[in-house]
1. List the pairs whose first member sits in the stretch 432-445 and is touching a residue at least 40 places away in the same chain (Cβ under 8 Å) and among the polar types (S, T, N, Q), whose second member is outside any strand (DSSP E or B) and crowded, with 24+ Cβ neighbours inside 10 Å, and whose Cβ atoms are under 7 Å apart, counting only residues at least 6 apart or on separate chains?
2. Filter the stretch 327-352 for residues that are surrounded by 12 or more Cβ atoms within 10 Å (Cβ to Cβ) and at positive phi and give the result.
3. Just for the stretch 107-126: of the residues that are in a loop (DSSP other than H, G, I, E, B) and of a type in the set (Asp, Glu), which one is surrounded by the most Cβ atoms within 10 Å (Cβ to Cβ)?
4. Which count do you get for residues in the stretch 303-325 that are assigned to a helix (DSSP H, G or I) and either without any contact (Cβ under 8 Å) to a residue 24 or more places away in the chain or closer than 24 Å to PRO390 by Cβ (or both)?
5. Quick one: what pairs do we get from the stretch 19-43, first residue at positive phi, second of a type in the set (S, T, N, Q), C-beta under 6 Å, 6+ apart or different chains?
6. Looking at THR260, THR238 in this structure, which one is under 17 Å from the mean Cα position of the chain (by Cα) and either of a type in the set (Ser, Thr, Tyr) or part of a loop (DSSP other than H, G, I, E, B) (or both)?
7. I'd like the residue in the stretch 147-174 that is assigned to a helix (DSSP H, G or I) and in contact with a strand residue (DSSP E or B) (Cβ under 6 Å, 6 or more places away or on another chain) and, out of all such residues, is surrounded by the most Cβ atoms within 10 Å (Cβ to Cβ).
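The values are calculated or read from the model by the stated rules, or taken from the named source; none is laboratory data. Just so you know, these numbers come straight off a predicted model, no measurement behind them. Cβ coordinates were reconstructed from backbone atoms using ideal geometry, including for glycine residues, and neighbour counts include every protein chain displayed.
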Amino acid sequence: MESTRTDQAAGAATAPDGRRVSVFADDALGRHDAVGLADALRRREVSPDEVLAATRDRLAAAADLNAVVGSVFETPVAGSPAGPFGGVPTLLKDNSDLAGVPTGVGSEIVREVPVSSHGPVARELLRMGLTIVAKSTLPEFGLSASTEFPTRPPTRNPWHTGYSSGASSGGSAALVAAGAVTLAHANDGGGSIRIPAACCGLVGLKPSRGRFVLPTVEKMLPVPIVADGVVTRTVRDTARFWSEADRHSTRSLRPVGSVTGPSARRLRVGLVLSSLAGSGIDDATRRATEDAAALVDSLGHRVEPIDRLPIDAGFPDDFVRYWSFLAFALQRSTPRAPRTTVRDFDPLTVGLADRFRRDAWRLPAVTRRLRRAAADYASMFASVDVVLSPVTGKATPPLGYLSPRVPFDLLLERLTDVAVFTPLHNVVGAPAISLPLGPPSPAPLGVMFSARQGDDRTLLELAFELEQAAPWPSLADSGTGTGPASARRSGSSTA
């Protein structure tokens, strides 16, 4: 496989602020989701070559989003044709290993050496039949909530190119929303599946811990917070992915099984509108969450306000200390390019690592308290089945608001205000799903449903019901974007 890693903006014009980028077209991909495309491939309504050609054209048309690392692979890495997603193109986030390609982790200074073998995430995607065509962008080490860089152009939101696509799976989310691929790899250490899904109008499930293969390094952490998964445009794609991933997940979890629609069960839904940090949410976020609560109530579920989560008030500070520890460890363990020092990393990485050095003595106590949070979280589900909350404390921000060029103390304050609802589920290992139930203008806004550890199935059943009751908009319906000028194909079916 050949892959030339160049500046992510090379050869692409910068998208003017305020433009929509939709690359849906009448080609082999049509308006299929991943399940529909896999079915079309199995029925030979479209060929693998047509699908790959259409994907290349769409990725080229979406170049303004700056969401692909380097270039699209000359030779894609094809998965098992017998897999449930046999022949469906996808992207691998650039913090996961793919043989023959460097793992850049979003950094501008890492030593770019091709890795020798596939990592566990790539192996699982290939087992499912997915074809990896490129790697997607992330901020350095996935530490930020926006995919922005110190010197390179940012990854842009296809709904409004002046806004953030979220992070750290911002590249994957931007390209799925724009229509370049049907689903893409994402991972989440503090909200990095759910936040970009919310920013880009997608479905993003952070699964229960153990639901998907864990990278070796993650198993060694005192609190394993990262979960891998995908971002998608439809609930059925997410449900099918997790049904298949379950085949290789831990046996200690209740299987997700095949989820194909809503459940008849009516749920007790706790409504949370205040964050653990005590920071307020903005008006748009509050309205979107309250509207989602009204929708849930109209469907016969019982919504009950929860004034305060039963979690220690010091949790937000402890999570930031742990986050700083991870930045310090990554900064010290990642091979750098020649003639660079640890001070040359992204300013956010440097600032977090410096913060950890001052607080390093606190880590053992921080770890103990974070581990205890799981029991407190579980106690909440004695009285509710699901919790509804915002995904973020603020609506999708414009580019620059979370830029690494913002002074560190101000940036950390902004990040903790934005990523204030999501980290809890990473620490306790519980599932949570972002659904695009907020208004899509100027950029989408999601809401989050969470459940007890292992109860991913309930979230998927509820997501199916909400998608049917209030279908969310797609850029496939946008007439204001830009799409491929070539690779047109008549008669393609839609899903």
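1. SER434/ARG194; SER434/ALA197; SER434/ALA198; SER434/VAL391; SER434/GLY446
2. none
3. Residues of the stretch 107-126 in a loop (DSSP other than H, G, I, E, B): 107-109, 111-119.
Applying the additional criterion that residues be of a type in the set (Asp, Glu) yields 108, 112.
Numbers: GLU108: 16, GLU112: 14.
My answer is GLU108.
4. Selection size over the stretch 303-325: 9.
5. That search, which allows pairs on different chains as well, returns GLY30/SER492; GLY30/THR494.
6. THR238
7. Let us first name the residues in the stretch 147-174 that are assigned to a helix (DSSP H, G or I), namely 170-174.
This time we only want the ones that are in contact with a strand residue (DSSP E or B) (Cβ under 6 Å, 6 or more places away or on another chain), so: 171-173.
Numbers: GLY171: 31, SER172: 37, ALA173: 35.
Top of the filtered list is SER172.
Rundown of residues vs (1) within 29 Å of ALA264 (Cα to Cα); (2) among the small types (Gly, Ala, Ser); (3) modelled with pLDDT of 95 or more, yes/no style:
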| site | (1), (2), (3) |
| --- | --- |
| ALA395 | no, yes, yes |
| GLY400 | no, yes, yes |
| PRO436 | yes, no, yes |
| MET448 | yes, no, yes |
| LEU459 | yes, no, yes |
| THR480 | no, no, no |
| PRO484 | no, no, no |
